[in-house]
Amino acid sequence: LLMGFGFPLANAIIQRAEMSVGRRAGVLYLANTAGAVCGSLAAGFVLLPSYGLQRSATVLMAIAAGAIVPLYLSEPRTSASRVRTAAASLAIAVVALGVWLLRPADVLIQKALGLPKNNERVLTIDDGLTEVIAVTEVPTGRTLVTNGHAMSSTMPMSQRYMRSLAHIPLLSMDAPQSVLVIGFGVGNSTQAATLHPSVTRVELADLSRDILAHAAYFASGNKDVLHHPRLAVYINDGRQHLQMQSPASYDLITLEPPPIAYAGVGALYSQEFYE
């Protein structure tokens, strides 16, 4: 909210120069738009991969505090309170950053994931490139949580239906040989596909290297399937991966999208997607 105050404050200052207000407004709007575009690119491709969520927020806060400088320089030179206002603003920014740095190093990630259930133990939290990943454990199994949503699990009921996504269609075919699994999760469907003796090649397409990096937490369920000799792993969007293959490359293509109620997932349940 406070970071958003920079533009209207600057806009209020340029309105005081009546003769050049048009030119100054244009330059300000151009700078604000360029900053928004460059900021989104820098956050997605530089800050988050290099520093993670919380340290990226700290960098952006420090940059936002730098807005004090152009606002100071834009004030009329004759303003008696110019120096006092800038000094007070700088002091507030320094104190705010200091208080922020005293917060726990994972405060943002914890808020994104939500509180664990009463009997749930958090084994790890990872600030990944495309999602915040947590692995939680209860006596009956472990769960993969991404951005606060439970995505996959080694609990008996979860394993049962996720493995059936591979077993039922493969058992319905005569000597299937090739399988594509879209989305790894905790490896239930992928490992199930490798159990069929006629299957000579299983391909896995997943967008997230970070999810695959956490597969060892679920090794008791997936039997370390990422090192299976018949498995080939592709870091790619499932749809794009399919478009790169020749027709009829697979006897089975199986995937389980996240629950339909999650934002952005509805398209994965559409007729167009499956066609």
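The values are calculated or read from the model by the stated rules, or taken from the named source; none is laboratory data. Given the structure is predicted, the values throughout are model-derived calculations rather than measurements. We place every Cβ from the backbone using ideal geometry, glycine too, and count neighbours over all the protein chains shown. We work out accessible area using only protein heavy atoms, side chains counted, and drop any ligands, DNA or RNA first. Shrake-Rupley method; radii C 1.70, N 1.55, O 1.52, S 1.80 Å.
Annotations
- Cα gyration tensor category, rounded, prolate or oblate, for the stretch 1-64 with a/c compared to 1.5: prolate
- Mean residue ellipticity (222 nm) of the chain, computed from DSSP H runs ≥ 4 via -39,500 (n - 2.57), nearest 500: -13500 deg cm²/dmol
- In this Cβ point-charge picture (+1 for Lys and Arg, -1 for Asp and Glu), the chain has a dipole of about 1080 debye about its Cα centre.
- Nearest-0.05 FRET efficiency for residue 269 and residue 161, computed from C-beta distance (R0 22 Å): 0.85
- Degrees separating the helix 82-101 axis from the principal Cα axis of the chain, which is the longest one: 20 degrees
- Global geometry of the stretch 84-169, whether rounded, prolate or oblate, following the gyration tensor of its Cα atoms and the 1.5 cut on a/c: prolate
- Protection proxy ranking of 90-99, 249-258, 120-129, by the mean of other Cβ atoms within 10 Å over each peptide's residues and highest first, is 249-258, 120-129, 90-99.
- Highest-MSF residue in the chain out of 159, 243, 191 [GNM, Cα springs under 10 Å]: 243
- Kirkwood Rh, Cα atoms: Rg over Rh of the stretch 134-199: 1.04
- Accessible surface comparison of 233, 132, probe 1.4 Å, protein chains only, largest first: the order is 233, 132.
- Taking amide hydrogens as placed 1.01 Å from N in the peptide plane, the amide H of residue 203 sits under 5 Å from those of 179, 180, 181, 232, each at least 5 positions away in sequence or on another chain.
- Legend: calculated FRET efficiency, residue 97 to residue 216, from the Cβ-Cβ distance at R0 = 45 Å, rounded to 0.05, equals 0.75.
- Chain lengthening between residue 198 and residue 227 when straightened (0.36 nm per residue, less Cα-Cα): 8.6 nm
- Atom-type composition of the exposed protein surface of the chain places 63 percent of the accessible area on carbon and sulfur (1.4 angstrom probe).
- Average accessible surface area per residue within the chain, 1.4 Å rolling probe, Å²: 61 Å²
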